[in-house]
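See structure below.
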Amino acid sequence: MTFKVLTDAQAAHFVEKGYVKIEGCFEKAEIQDWLDLAYLRLGYERDDPTTWAEDRIHMPSMNRRAVADLAPKAWDGICDVMGGAERIEGEPSWGDGFIINFNKDADDPYVPSAKRGGWHKDGNFFRHFLDSPEQGLLTVVVWDDVLPNSGGTYLAPDSVPKVARFLYDHPEGLEPGSFGKMIEGCEAFVEATGNAGDVYLIHPYMLHSAAPNPSGRPRFITNPPVAFKEPMNFNREDSDDFSLVESVVLRALGVERLDYRITGKRERYYTEFRRERERMLVEQKARLAELEEEVV
C-alpha cells in the first residue's frame with residue numbers, strides 16, 4: 001500500500017494502537033485570528049483568569065476552512081488512513097468551534113485509569129454499528145501548544161478491540177452513550193499533547209476522556225469527525241483495498257475479512273448539544289456586533 005504522508009511505521013502504529021500523530025500540519029500564525037476572536041466571542045480577557053466564567057467550554061464554529069487548504073499534510077494523512085479521497089464524504093473542513101479547557105478540575109491530581117469517569121466514544125448524532133460511516137475517523141486538532149499535564153485529551157488504545165467486539169455483538173445498533181463501560185480492564189493511556197499545528201488521527205472506536213488542566217494555559221483543540229461516503233466494507237476481494245480504519249476492526253476481531261450485515265435501522269439525531277451550539281452562536285454574534293458598535 002502506498003501512502004502520501006504516513007510512513008510504513010506510522011501506518012503499522014495506527015493499525016496496532018488505533019491512532020497516529022502527524023506533526024506540523026499548519027502554522028499557528030494562519031489561525032491566530034481565530035484564537036484572538038475566541039476571547040472576544042466569549043467576553044473573556046486572555047490574560048485575566050478571573051474573567052474565565054467557565055472552566056471548560058465547547059464553542060460553535062463561526063469560521064471554517066477546507067482541511068485540504070489549511071492543512072494539506074493532515075488531509076493527505078486522513079486520505080492515507082481512510083483509503084483515499086474518493087471514499088470520504090464531501091470536502092471536510094475545520095472551524096473555530098474550539099473545545100477550550102481553561103482550568104477544568106485544576107486541583108484534581110488526575111491519574112488516568114479505567115476507574116475514572118468520563119470515558120466515551122464520540123458520535124452523539126447517529127445510531128452506532130460496526131460499519132457506521134458517519135464517523136469514519138476522529139481527529140484531534142491542536143490549535144495551540146498542549147504541554148504535558150495541560151488538559152490534553154487522554155486516549156485509551158486498548159479500548160478499540162473492546163468497542164469493536166461490542167459493536168459486532170450488536171448488529172441491531174447501539175445508542176450513543178452505550179460505550180463508556182468498555183473502559184473496564186483497559187490499562188494503556190496516552191495523553192494527546194503537541195505543538196500548534198499537530199493533528200491526531202484516531203480510530204472512531206477509541207474511547208477517550210477529558211483531562212484536568214492545572215497549568216494556567218488555556219488548551220485549544222477541536223475533535224471533528226471525517227465521514228465515509230459508504231459504510232465500511234470488511235469483505236473486500238483484495239485485502240490491499242482495506243482502509244487502515246477497516247484493518248483495525250478486522251485485526252481487533254481476529255479475522256481476515258468479514259461478511260457483516262446490520263439488522264437495525266441507521267438513524268441520525270438532531271441533538272440538544274447541537275441546539276445549544278446554535279444558541280451560543282447567536283449570542284456570540286450579538287456580542288461581537290455590540291463591540292463593533294462601541295468602536296464606531
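Computed quantities for the displayed model
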item: Given 14 as the ceiling on other Cβ atoms within 10 Å, longest exposed-site-free region of the chain for chymotrypsin sites (Phe, Trp or Tyr not before Pro) in DSSP loops; result: 1-268
item: Degrees separating the helix 8-17 axis from the principal Cα axis of the chain, which is the longest one; result: 90 degrees
item: Karplus 3J(HN,Hα) series, Hz, for region 210-221 with 6.51 cos²θ - 1.76 cosθ + 1.60 (x for Gly, Pro); result: 5, 10, x, 10, x, 6, x, 9, x, 9, 10, 9
item: Rounded Å value of the spacing that divides the Cα centres of region 20-61 and region 143-220; result: 21 Å
item: Rounded tilt (10° steps) of 244-253 against the dominant C-alpha axis of the chain; result: 60 degrees
item: Environment charge of Phe234, counting only residues whose C-beta is closer than 9 Å and scoring Lys/Arg +1, Asp/Glu -1; result: -1
item: Gain on full stretching of the segment that runs from Glu30 to Thr2 - 0.36 nm per residue minus C-alpha separation; result: 7.1 nm
item: Spin-label pair Arg257/Ser61, simplified geometry with 7 Å Cα→Cβ offset, distance in nm; result: 3.6 nm
item: Summed side-chain charge close to Ala252 - residues other than Ala252 whose Cβ falls under 13 Å, Lys, Arg +1, Asp, Glu -1; result: -1
item: Gain on full stretching of the segment that runs from Glu283 to Asp240 - 0.36 nm per residue minus C-alpha separation; result: 10.5 nm
item: Between helix 32-42 and the chain: long-axis angle, C-alpha atoms, 0 to 90°, nearest 10; result: 70 degrees
item: Rg/Rh ratio calculated on Cα atoms of region 8-295 (Kirkwood radius); result: 0.97
item: Proxy reagent accessibility, fewest Cβ within 10 Å first, across Asp107, Asp96; result: Asp107, Asp96
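All of the numbers you see were taken from the coordinates with simple rules; none came from a lab. Source: prediction; values computed, not measured. Every residue, glycine as well, gets a Cβ built from its backbone with ideal geometry; the counts of neighbours run over all protein chains shown.
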